[in-house]
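Encoded as structure tokens, the structure appears first; notes follow it.
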Amino acid sequence: MTEAVKQGTILIVDDSEITRELLSDYLQEQQFGVLTAVNGREGFERALEHHPDLIVMDLVMPEQDGLQALDALAENPDTQEIPVIIISGKGTRLDQVLSYDKGAYYYLEKPFDLKEIVRKAHELIGRDSE
């Protein structure tokens, strides 16, 4: 996590190391603090421990997928208010509908636009885009 957090903290939950690194590097350049997790279970644990301002999460992951993690986040009073952006390479209409039904604020298909993630992060965290 970066030390000088100006824009808020974002938890990236994705089993792809490439996606985690890409998002992490870009978001840190944009002055966000960043935490990472490799699956939904670990993401939920980090959310409980660190209370990030936003979670960006993949749907398809081992141990606990994004939909299961959305359920866990929604059921816990300490995490239910954290906004979540789902990113998915799977891209089915059903996954999109289920993500929104389970509380996701946005559903973006991979490959996603990094600038779009930042715009949505600013919106959800309540900061003005620069």
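The values are calculated or read from the model by the stated rules, or taken from the named source; none is laboratory data. Keep in mind that this is a model prediction, so the values were computed, not measured. Here Cβ is always computed from backbone atoms with ideal geometry, including for glycine, and neighbour counts include all displayed protein chains.
More than 19 Å from TYR105 (Cα to Cα), in contact with a helix residue (DSSP H, G or I) (Cβ under 9 Å, 6 or more places away or on another chain), at pLDDT 95 or above and small (Gly, Ala, Ser): is that true of ALA37 in this structure? Taking the combined requirement at face value, the residue satisfies it.
Contact annotation: residue pairs with Cβ atoms under 9 Å, 6 or more positions apart or on different chains, pairing a residue in segment 9-35 that is under 14 Å from PRO52 (Cα atoms) and buried (at least 20 other Cβ atoms within 10 Å of the Cβ) with a partner that is modelled with pLDDT under 95 and of a type in the set (D, E, K, R), are PHE32/LYS6; GLY33/GLU3; GLY33/LYS6. Within segment 71-90, the residues that satisfy the criterion of being under 18 Å from ILE18 (Cα atoms) and either over 12 Å from the mean Cα position of the chain (by Cα) or part of a loop (DSSP other than H, G, I, E, B) (or both) are GLY89, LYS90.
Take the conditions (1) within 15 Å of LEU54 (Cβ to Cβ); (2) more than 14 Å from the chain's Cα centre (by Cα); (3) not acidic (Asp, Glu); ARG93 misses just one of them, which is (1). Just so you know, in segment 23-44 the residues that are among the polar types (S, T, N, Q) and assigned to a helix (DSSP H, G or I) include one that is farthest from ASP101 (Cα to Cα), and it is GLN28. The residue list LEU124, LEU114 contains one member that is surrounded by fewer than 18 Cβ atoms within 10 Å (Cβ to Cβ) and closer than 17 Å to LEU27 by Cβ, which is LEU114.
Just so you know, in segment 45-70 the residues that are more than 20 Å from LEU108 (Cβ to Cβ) and part of a helix (DSSP H, G or I) include one that is nearest to the chain's Cα centre (by Cα), and it is ARG46.
Here TYR105 meets the list (1) more than 13 Å from the chain's Cα centre (by Cα); (2) surrounded by fewer than 18 Cβ atoms within 10 Å (Cβ to Cβ) almost entirely, failing just condition (1).
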